[in-house]
Amino acid sequence: MPAMSEALDAPVLVLADLDGARPADTALELVTAARALTAGDVIALTPGPLEAGAPALAAAGATRLLVADLGGERAQAAAGADAVVAAVRETAPGAVLVAGDYRGKETAGRAAVLLDSACVSDVADLRVAGGAIRASRLVLSGSWSTTMAVAASAGRPPVLAVRPGAVEAASDAADGAAPLTAEALDVAVSPEAA
């Protein structure tokens, strides 16, 4: 995704999945995409504690780190959606990005329903135009591209499931990246996730 001339003023929330106790590659890709969408904060939300991954998230562009310790439930889409909803209520982002894998798409859909907002899956490209997010996705086995606009709203942010590999993760910005301090996020896990 190329650099944009227009950006959101509101922060962008990223559900940063973990590979063990480190950010998954898709998490770094999503943080990079979020950095290109906003002039505000990029908030990384992890579904469990990080041991040494905060510098990688900061290098990719994260400016704030929320940790929702979901315990053994962190692999469940319903628990991830509950964490996203709790983070949205605390941070009022203009958009939420999640990985467009099987679990991420389910998380995105459930979070969008709980937030009464829009959901777009299989996003291949994101841009900001006229204060709205324009999400492009490939359809018909990749032979056609379609673009839709979703309003960026702090009260009901769109939840966008971005295809893995759609963005190249930034990693060379570590020199100027401020260190991230993990902030605990309390999440009320729904019965569906328990």
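The values are calculated or read from the model by the stated rules, or taken from the named source; none is laboratory data. Everything numeric in this text was worked out from a predicted model, so none of it was measured. So basically every Cβ, Gly included, is an ideal-geometry build from the backbone, and we count neighbours across all protein chains shown. Just so you know, the surface numbers come from the protein's heavy atoms only, side chains and all, with ligands and any DNA or RNA stripped out. Shrake-Rupley method; radii C 1.70, N 1.55, O 1.52, S 1.80 Å.
General observations
- Qualifying residue in segment 127-150 (condition: more than 30 Å from PRO191 (Cβ to Cβ), surrounded by fewer than 22 Cβ atoms within 10 Å (Cβ to Cβ) and among the aromatic types (Phe, Trp, Tyr)): yes
- Lone unmet requirement of (1) open to solvent by 10 Å² or more (accessible area, probe 1.4 Å); (2) within 21 Å of ASP101 (Cα to Cα); (3) in contact (Cβ under 8 Å) with a residue 40 or more places away in the chain for ALA34: (1)
- The listed residues are ASP122, ASP186, ASP116, and the only one of them that is surrounded by fewer than 17 Cβ atoms within 10 Å (Cβ to Cβ), at pLDDT 90 or above and within 16 Å of the chain's Cα centre (by Cα) turns out to be ASP122.
- Count - residues of segment 103-135 that are of a type in the set (D, E, K, R) and under 17 Å from ALA92 (Cβ atoms): 1
- Residue list for segment 128-143, filter: over 13 Å from ARG163 (Cα atoms) and basic (Lys, Arg): ARG134
- Of all residues in segment 62-98, those that are of a type outside the set (A, V, I, L, M), open to solvent by 10 Å² or more (accessible area, probe 1.4 Å) and in contact (Cβ under 8 Å) with a residue 40 or more places away in the chain total 9.
- Residue tally, condition closer than 17 Å to ALA169 by Cα and either outside any loop (DSSP other than H, G, I, E, B) or open to solvent by 10 Å² or more (accessible area, probe 1.4 Å) (or both), over segment 47-60: 7
- Conditions (1) over 13 Å from the mean Cα position of the chain (by Cα); (2) surrounded by 18 or more Cβ atoms within 10 Å (Cβ to Cβ); (3) of a type in the set (Ser, Thr, Tyr): number failed by TYR102: (2)
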